[in-house]
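The block underneath contains the structure these notes are about, expressed in structure tokens.
The values are calculated or read from the model by the stated rules, or taken from the named source; none is laboratory data. Keep in mind the model is a prediction, meaning the values are calculated, not measured. No Cβ is skipped: glycine too gets one built from the backbone with ideal geometry, and neighbour counts run over all protein chains shown.
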């Protein structure tokens, strides 16, 4: 895909500005996904907003970290399920060789572009893990994988509210540390 | 029937309706609790539920749009087909989320949402293989066209679902039920409030009505006793008059029931007609009224009240007979003294005492004064002290026994027996007449206790008279009315006979009045005791409502002839003959006679001549304490021995 094609589009849809802008919007949108879409397997993108450096964490790389298990219920599925994966704090410590400060803003983005903004401290105190397995099996996108922020709701009744449910983002694709720009 | 306003109020605040309103209130509470429970079962939609459901729907639409966009891009070969697969999977997971998660359960409950989503999911699932093929690059353009065609159908329906649920539509507006529930709740709340206020107002009125009814007598519609308890009803400057119908008990017994109510109503009417406008008439209890005469002078209240009563007296026509109704009043006069504080209870008590006095003396009215109050207070004190004494507690009242010897008429110096007499003294200064002590005890249920006390005391003091001195006379003990009962034989055994007092030397004195009241009861008791060996004497013969028949029926051994038959016999020949007649009748019936109250030599002579068996009186002996009696008997015995020795010629030692 190259920029050279753009003029052809303009020529083709000349006279219909609306369609033009729609197509232009769609184009830029798709451009932003192209880089990621190259990889057949979805990996986790971790970046620091200040540097813009993006680390790509594959499932295997995440699996190498020390694993935690959480058996819990949630408002998103019936019954209880066992999830496993590294602590978010461990993952970030591994990614940046030091754990971020608790006050550090953190942005979590899902595959469907849903995102939430919070602080690292809040997630750390909620004992958040980046789950990679559900009942010991890797999660497909259909299973809301491959990465899912899971909080131990069963053991921590204080987390049982909307304030924390919203942090349990599934189909996690990006973690951005630092002030959003 | 025309209802008067009071009758309507009476019905409105009647027992039934008040209870009915209370039941309604209870039902109201039950209904509201039930509704609350029902609401919980129905799972009222909360705003939070709506927020989550609409959030889920928005995500659903966005992800559908995203997939749609990628389909377009892949079709134009502008995007990697792998991305189409990812977005297909994202949308796929959204379907499972909508169908399974508890967060959006409200969405599934509404209308046919579940069916619609399941239908869409099935149709969407059919695209799974073609999309995988496209992503794997093993598809042709026809597959893509097929996917696009089918997807467009699904996408239109997804949009439709979202629009209907979020913005509104005929079937599935998720806010609709919330609004409906809220509306229902509002109506219920308003209804409950209105009813609650209604009930509160009803009870407020009922309370006012009850407060008014509380001081109104139901029969006479005048004020009742409760009204007196209110402040400022009775003032110091008012005369307090208690009024009762003379012989009310008798009239009520004869004309009881509904007629009695009519009588009370008539009385109330008569009395209220005879009092002045600002005076108060209060119906305190059946046949008893109180008149509060306002601002009357403390003096000269007597004639005014006499006039008032005379005005009120009337003849009650019942059937063919006319019953004269007379009122009797007891008055507690007004006082000028501003410092005197007397509550209405005290005034009521004073008036009642005066009323009782008037009833007893059969006079029209009596004004309560210090003398009367003192007499009542003394009586109350005596009663208090009697209770103490009979419970063996030391008090200010002293009771003791004295003995008046009875002598044989033939040998007027010879002591044949002694009558046991009661003496009482309060605070070591006031002597109380024995009949007053007996009356107080009888009126206050202490009669039996007093009787037992006398028996025990007599037994204690005279036991050695019989045991060591071999006294062979009789001891005459008065029985007060309560003693004549079925338990008397046992009482005598326990307190007299068990203490070595020989039965045949006891004579029990009963008065005609108390023994003759109930022959059916007293005759068997007297008979039983006589069988035990004791004797009976009829006391005060001739003073009460007696007839010679009693002499016969009561089966007594001795007759005591009252002093009134003895008085003046030395000067009045007719009286003397009368006494002779009584003695003669008694002796013909086989009853021994004891003549009381002999005060001089002439009376003694005449009585003895008339043939009396025993005589008693100051002329022979005054009543004396037990010690003195013992002494007397010892002297007599010594004298006997001396005489005997003289006769038999033995020297006196």
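Key figures for this structure:
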{"item": "Residue tally, condition within 13 Å of chain A (Cβ to nearest Cβ) and surrounded by fewer than 20 Cβ atoms within 10 Å (Cβ to Cβ), over the stretch B:105-123", "result": "3"}
{"item": "Positions within the stretch A:99-114 being in contact with a strand residue (DSSP E or B) (Cβ under 7 Å, 6 or more places away or on another chain) and in contact (Cβ under 8 Å) with a residue 40 or more places away in the chain, in sequence order", "result": "A:100, A:104, A:105, A:106, A:107, A:108, A:109, A:110, A:111"}
{"item": "Those residues of the stretch A:154-168 which are within 12 Å of another protein chain (Cβ to nearest Cβ), in contact (Cβ under 8 Å) with a residue 60 or more places away in the chain and assigned to a loop (DSSP other than H, G, I, E, B), in sequence order", "result": "A:168"}
{"item": "Hits in the stretch A:89-109 - residues which are within 14 Å of chain B (Cβ to nearest Cβ) and either touching a helix residue (DSSP H, G or I) at 6+ places or on another chain (Cβ under 6 Å) or outside any strand (DSSP E or B) (or both)", "result": "none"}
{"item": "Residue among A:150, A:141, A:129 that is crowded, with 20+ Cβ neighbours inside 10 Å, touching a helix residue (DSSP H, G or I) at 6+ places or on another chain (Cβ under 6 Å) and in the same structural domain as residue A:50 (by TED's automatic domain parsing)", "result": "A:141"}
{"item": "Yes/no for residue B:71 being buried (at least 23 other Cβ atoms within 10 Å of the Cβ), more than 10 Å from chain A (Cβ to nearest Cβ) and within 26 Å of residue B:137 (Cβ to Cβ)", "result": "yes"}
{"item": "Yes/no for residue A:175 being touching a strand residue (DSSP E or B) at 6+ places or on another chain (Cβ under 7 Å), closer than 21 Å to residue B:102 by Cα, more than 14 Å from chain B (Cβ to nearest Cβ) and surrounded by 17 or more Cβ atoms within 10 Å (Cβ to Cβ)", "result": "no"}
{"item": "The stretch B:374-409: number of residues that are buried (at least 16 other Cβ atoms within 10 Å of the Cβ) and part of a helix (DSSP H, G or I)", "result": "10"}
{"item": "Candidates B:129, B:48, filtered to the one that is within 26 Å of residue A:111 (Cα to Cα), surrounded by fewer than 18 Cβ atoms within 10 Å (Cβ to Cβ), more than 10 Å from chain A (Cβ to nearest Cβ) and over 60 Å from the mean Cα position of the chain (by Cα)", "result": "B:129"}
{"item": "Residues of the stretch A:62-88 satisfying the condition of being out of contact with any strand residue (DSSP E or B) (no Cβ under 8 Å at 6 or more places or on another chain), more than 14 Å from chain B (Cβ to nearest Cβ) and either closer than 23 Å to residue B:99 by Cβ or modelled with pLDDT of 90 or more (or both)", "result": "none"}
{"item": "Residue, nearest to the other protein chains (Cβ to nearest Cβ), within the stretch B:83-104, restricted to residues that are surrounded by fewer than 18 Cβ atoms within 10 Å (Cβ to Cβ) and part of a helix (DSSP H, G or I)", "result": "B:100"}
